[in-house]
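First comes the structure, then the notes that go with it.
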Amino acid sequence: MKNSDIANTLAIFKREFLSYFNSPVLYVIVVIYLLASMGFTFFFGRFLDSDNASLTQTFFFWHPWIYIVLAPAVGMRLWSEEHRLGTFELLMTMPLSPWQAIVGKFVAAALVWAIGLALTFSIVITVSWLGSPDPGPIITGYVASYLYALGCLAVTSAASAYTRSQVVCFIVSVALCILLTLIGYPGIVDSVVRTLPGSLEGLVRFVSYLSFMDHFYEMTKGIFVIRDVLYFISVIVVALIITHLGLRSKRA
Amino acid sequence: MIQVQNLRKEFGAKVAVDNVSFTVEKGEVLGFLGPNGAGKSTSMRMVTGYFRPTSGSIKIGGIDMLESPEQAKKSIGYLPENAPLYSDMTVASFLGFCAEVRGITGAAKAKAVDRVLDLCFLHRVRNQSVDTLSKGYRHRTCFAQSIIHDPDVLILDEPTDGLDPNQKHEVRQLIKNMGKSKAIIFSTHILEEVDAACSRAMIIDRGKVVADGTPESLRKLVPGCASLDEVFRSITRSDLEK
Ligand SMILES: Nc1ncnc2c1ncn2[C@@H]1O[C@H](COP(=O)(O)OP(=O)(O)O)[C@@H](O)[C@H]1O
Ligand SMILES: [Mg+2]
C-alpha cells in the first residue's frame, strides 16, 4: 500500500461518514436501534427477572433480528445512491481504484454502527450496577454483535452495487440477511435434520455452519473462537468482492 | 495528449461505438457532433476510463488507460452528461472532496477551490447545499470539479445543455480560453457551438465517424449545402429513421 492509496480511501471514508450525519435517516435508525435493543432486553427478555443477569441470553439474543432490518437501512445508500445520482460515474473516472472506494465507504458505515453499539453501553452499566457479571461474555458478546452487524452491512453493500433503488436494495438485503440467519437457527436446523433422511444430515449441518447464527451464538456464550471471527471476516471479504463485481458490471 | 485508436464498444448485440480513432493535441478543442444515440457519451466514457472498450486503445499523455487507469485518470478532468453531484453537500465541500480525491490537500486545496469558484462564478453559492441550486449552478459546480486539478485533458459531455443563452455563452468562452493550453473534447448537438468554440469537429452517426475536419472544411463537405446545419442533416440520420 502506498500513501496515496490510504489518502484516497480516507477521502472517500470522510465524505461518506459525514454524509450519514446530514441525513435524518441515521438518527431515526439509531433511536430505533436503542429502543429496540433496550426494549427487547427489558420486556421480552425479562432482563431484570433473570437470576444471573446474563447479557448473553437477553441483550445479545435479540441483536441479529435487529440487525437484519437496521443494517440494510444504514447500508442501502452505499452504492445505490451513487448509481441514482450518477456520481458513480464521476467517482470511477477519478484517479482511485474501485477497492479504495469500496473499503472507504464500508468502513464509514462500520464506524457509524460502532457508534450505535457504543450507545448501548448503558445496558452494561446497568448490569454492572445490578451485580458483578463476568466481563468475558460481555466482551465476546459485543464483538459477536458487531461482527454480525458488519456481516449484514457487507451483504447490503453487495446488494447496493447492483441497483440504483434504495428500496430494492433494502428488501433484497433484508431477505438475504434473514436467509443467512435462519439457515443456522438451532430450532429450524434440528427440525430439518429430523424430517430429512439421515444421510443428508451432514449437508444440513454444513449449510447451517455457513450461517451467521451458528457463529454468533458460540461467541455470545463467552467462547471467543478465532474460527468464528475468521468466519465473519470471510463473509465481509466475500461480500465486498461481490460488491466489486457488481460495480464492474455497471461499467461493462 | 489524447490518442484513441480503433475504439469499439458493444452492448450485447448492439454496437454503440464502431472503430473510432482520433488524436487531440494540446491547444486543440475537438467538438463531438452527432444526433442523440450516436455514441458520443459512450465514446467519452471510454476515454475517461468509465467504460471498458470492447476493443481498441486509449492513451492519455502517452499513458495507456487500460493498463494504468489510475495514472491516466490523473490528467483528465471530466464533466459527465447531466452533471452529477452529491446532493447532500455544499458547493465548497463537494469541490473540496474532489480536490482531496485528486491528492490536493491542506492550503493547496483551499486555493484550488477558490480558483474554480472564481472561474465558474460560484462564489455567491459556495456554502449553499447542492440540493437547492438551480440547474445552471449545478452544471457549473460539476464543471468546476472537472478543472479543480488544472488537468491537461478536459472531456465535457454536453457542457452547455440546459443552460440559458448567457450561461451558454460564458461556458463557450471558458472552453475556448482553456483550449489554448489544454486538449479538450466536448460533445454537443448545437451546431453553432462548433463555430463558437472548436478548432476541429467530428460528426458521429450510429457509432461511426462520418466526418472529421475544421468547421470550415466540414461546411464544404457536401456540395450544395451552405450551412453546417444542412451538412449535418444530410450526412446523419435521425432516430426516427432507424
Ligand atoms: N449502458 C448501456 N447499455 C446498453 N446500451 C447503451 C448503454 N449506454 C448507451 N447505450 C446505447 O448506445 C448508444 C449510444 O448512446 P450514447 O453514447 O449515450 O449516445 P449520445 O451520447 O451520442 O446521445 C445508444 O443507442 C444507447 O442506447
Ligand atoms: Mg450523450
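The values are calculated or read from the model by the stated rules, or taken from the named source; none is laboratory data. Predicted model only: the values in this text are computed from it and were never measured. Every residue, glycine as well, gets a Cβ built from its backbone with ideal geometry; the counts of neighbours run over all protein chains shown. Ligands, DNA and RNA are excluded from the accessible area calculation, which covers all protein heavy atoms including side chains. Shrake-Rupley method; radii C 1.70, N 1.55, O 1.52, S 1.80 Å.
Enumerate the amide H contacts of B:Val17 below 5 Å, restricted to partners 5 or more residues apart or on another chain; note that Pro and chain-start residues carry no placed amide H.
Close amide H contacts, sequence-distant or interchain: B:Lys9.
With the Cα gyration tensor of the range A:163-237 giving a ≥ b ≥ c as the square roots of its eigenvalues, does the rule (a/c under 1.5 for rounded; else a/b larger than b/c for prolate; else oblate) give rounded, prolate or oblate?
On the way: a/c = 2.32, a/b = 1.29, b/c = 1.80.
Oblate, since a/c reaches 1.5 and b/c is not below a/b.
Between rounded, prolate and oblate, where does the range A:3-250 land on the alpha carbon gyration tensor, with a ≥ b ≥ c its root eigenvalues, rounded for a/c under 1.5, else prolate if a/b exceeds b/c? If you can, show how the numbers build up before the last one.
On the way: a/c = 2.03, a/b = 1.38, b/c = 1.47.
Verdict is oblate for the range A:3-250.
Among DSSP beta bridges whose residues both lie in the protein assembly as shown, state the antiparallel percentage, nearest 5. Show your work: numbers first, answer last.
Working: 20 of 38 bridges.
Bridges in the protein assembly as shown that DSSP calls antiparallel: roughly 55 percent.
Restricting to DSSP H runs of at least four residues, report the calculated mean residue ellipticity at 222 nm for chain B, -39500 (n - 2.57) per run over all residues, nearest 500 deg cm²/dmol. It would help to have the intermediate numbers written out before the result.
Working: 9 runs with 83 residues, N = 242.
My calculation for chain B gives -10000 deg cm²/dmol from helical runs alone.
Where the accessible area of the range A:3-250 is counted over protein heavy atoms with a 1.4 Å probe, how much of it, in %, is carbon and sulfur?
Its accessible area is 73 percent carbon and sulfur atoms.
First check a/c for the range B:85-127, with a ≥ b ≥ c the square roots of the eigenvalues of its C-alpha gyration tensor; if it is under 1.5, answer rounded, and if not, answer prolate when a/b is larger than b/c or oblate otherwise.
Values: a/c = 2.12, a/b = 1.16, b/c = 1.83.
Since a/c reaches 1.5 but b/c is at least a/b, the shape of the range B:85-127 is classed as oblate.
Express in Å², to the nearest 10, the accessible area of A:Arg251 obtained by rolling a 1.4 Å probe over the protein heavy atoms while all chains stay in place.
40 Å²
Averaged across A:11-20, how many Cβ atoms of other chains sit within 10 Å of each residue's Cβ atom? Working shown, then result.
Working: counts 9, 3, 0, 3, 10, 1, 0, 4, 6, 1.
What the average comes to for A:11-20 is 4.
Enter the angle in degrees (range 0 to 90, nearest 10) between the Cα long axis of helix A:24-39 and the first principal axis of the Cα atoms of chain A, meaning the one along which they spread out most.
10 degrees
Take the cross-link list A:Lys14/B:Lys109; B:Lys9/B:Lys168; A:Lys105/B:Lys109 and give me the ones stretching past 24 Å between alpha-carbons. Present the calculation step by step, with values, prior to reporting the outcome.
On the way: A:Lys14/B:Lys109 15 Å; B:Lys9/B:Lys168 31 Å; A:Lys105/B:Lys109 22 Å.
Over 24 Å Cα-Cα: B:Lys9/B:Lys168.
Give me the 1.4 Å probe accessible area per residue for the protein assembly as shown, excluding ligands and nucleic acids, in Å². Numbers along the way, then the final one.
Details: 21490 Å² over 494 residues.
Accessible surface, normalised per residue, equals 43 Å².
Based on the Cβ-Cβ distance from A:Val238 to A:Ser191, what FRET efficiency comes out when R0 is 35 Å, to the nearest 0.05?
Step by step, r from the Cβ atoms, then E = 0.80.
Round to the nearest 10 and give me the degree value, 0 to 90, for the angle of helix A:63-75's Cα axis relative to the longest principal axis of chain A.
10 degrees
Among the lysines, which fall within straight-line cross-link reach of B:Lys73, defined as a Cα-Cα distance under 17 Å, with same-chain neighbours fewer than 8 residues apart omitted?
Of all the lysines, those that pass the test against B:Lys73 - Cα under 17 Å, at least 8 places apart if same chain - are B:Lys26, B:Lys59, B:Lys182.
Taking only Cα atoms, what is the 0 to 90° angle, nearest 10, from helix A:98-119's long axis to the longest principal axis of chain A?
40 degrees
In debye, nearest 20, what is the charge dipole magnitude of the range A:3-250 about its Cα centre with +1 on Lys and Arg Cβ and -1 on Asp and Glu Cβ, if you could check? The partial results should precede the final answer.
Numbers: 13 positive and 13 negative charges, 114 e Å.
Result for the range A:3-250 is approximately 540 debye, rounded to the nearest 20.
Simple spin-label model, 7 Å along Cα-to-Cβ: A:Val28 to B:Lys135 in nm?
Placing both labels 7 Å beyond Cα along the Cβ direction yields 3.0 nm.
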